[in-house]
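**Student:** This is the structure, below, for whatever I ask next.
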Amino acid sequence: MDSNKYFTFKVEEDYYALPVEMINQIIGIQSITSVPNQPNYLIGVINLRGMIIPIVDFRMRMNFDTKEYNDRT
């Protein structure tokens, strides 16, 4: 069943959307542990309640300029 609800976000001048069914949760920026020998857009991993979660910088993955992380990252 399509809920027709989407999580939208903007990078540069483009808007992107994901169906809300694909979103598990949204959390604030965490302490990120770097992982050697990975693509530059794989920033590292975080430990979220005992689960290791890879962190991908979407801006870098799409070849946009990087920006400083803040409380809205």
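The values are calculated or read from the model by the stated rules, or taken from the named source; none is laboratory data. In this text, all values refer to a predicted model and were calculated from it rather than measured experimentally. Every residue, glycine as well, gets a Cβ built from its backbone with ideal geometry; the counts of neighbours run over all protein chains shown. For the accessible areas, the whole protein counts, side chains as well, though only heavy atoms, and no ligand, DNA or RNA atoms are used. Shrake-Rupley method; radii C 1.70, N 1.55, O 1.52, S 1.80 Å.
**Student:** In the stretch 31-39, is there at least one residue being among the aliphatic types (A, V, I, L, M), free of Cβ contacts under 8 Å to residues at least 24 places away in the same chain and surrounded by 12 or more Cβ atoms within 10 Å (Cβ to Cβ)?
**Tutor:** There is at least one residue in the stretch 31-39 that is among the aliphatic types (A, V, I, L, M), free of Cβ contacts under 8 Å to residues at least 24 places away in the same chain and surrounded by 12 or more Cβ atoms within 10 Å (Cβ to Cβ).
**Student:** Step by step: first the residues of the stretch 1-30, then only those that are among the hydroxyl-bearing types (Ser, Thr, Tyr) and farther than 18 Å from residue 73 by Cβ, then the one that is least open to solvent (accessible area, probe 1.4 Å). Which residue is that?
**Tutor:** So the residue we want is 3.
**Student:** Taking the stretch 40-73 as the region of interest, how many residues are closer than 27 Å to residue 5 by Cα and either exposed (fewer than 10 other Cβ atoms within 10 Å of the Cβ) or under 11 Å from the mean Cα position of the chain (by Cα) (or both)?
**Tutor:** Final tally of qualifying residues: 13.
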